[in-house]
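Step one of this worksheet: look at the structure below.
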Amino acid sequence: MIWTVVLMGIGAFLAGGAISLRRQNAHISWIITCWALAVGCIVAGWVLTL
C-alpha cells in the first residue's frame with residue numbers, strides 16, 4: 001500500500017517536472033524522458049493496487 005502512494009507521488013512529481021521543462025523550452029529529449037518515467041511510475045503504482 002505504501003509503495004503505491006510513493007510511486008504515484010513520484011509520478012506526479014515527474015509529470016510536473018515535464019510540464020516545467022516544456023515551459024522552459026528545454027530539449028525535447030528531457031521532456032520525453034520525464035513523461036516516460038512519470039507514466040512508468042504511475043502504471044507501476046496502479047499495478048500494485050491489483
So for the pair ALA12, ILE28, with labels modelled 7 Å out along Cα→Cβ, what separation do we get in nm?
3.0
In sequence order, what are the phi-derived ³J(HN,Hα) couplings for segment 13-21 according to the Karplus relation 6.51 cos²θ - 1.76 cosθ + 1.60 with θ = phi - 60°, rounded to whole Hz, with x for glycine and proline?
4, 5, 5, x, x, 5, 5, 5, 5
Based on the Cα gyration tensor of the chain, what are the three equivalent ellipsoid semi-axes, each the root of five times an eigenvalue, rounded to whole Å and given largest first?
24, 9, 5
Result for the chain: accessible area per residue, probe 1.4 angstrom, in square angstrom, of 76
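The values are calculated or read from the model by the stated rules, or taken from the named source; none is laboratory data. Note that this is a predicted model, so its numbers are computed, not measured. Reconstructed Cβ throughout: ideal geometry from the backbone, glycine too, with neighbour counts over all protein chains shown. Side chains are part of the model used for accessible areas, which takes the heavy atoms of the whole protein and leaves out ligands, DNA and RNA. Shrake-Rupley method; radii C 1.70, N 1.55, O 1.52, S 1.80 Å.
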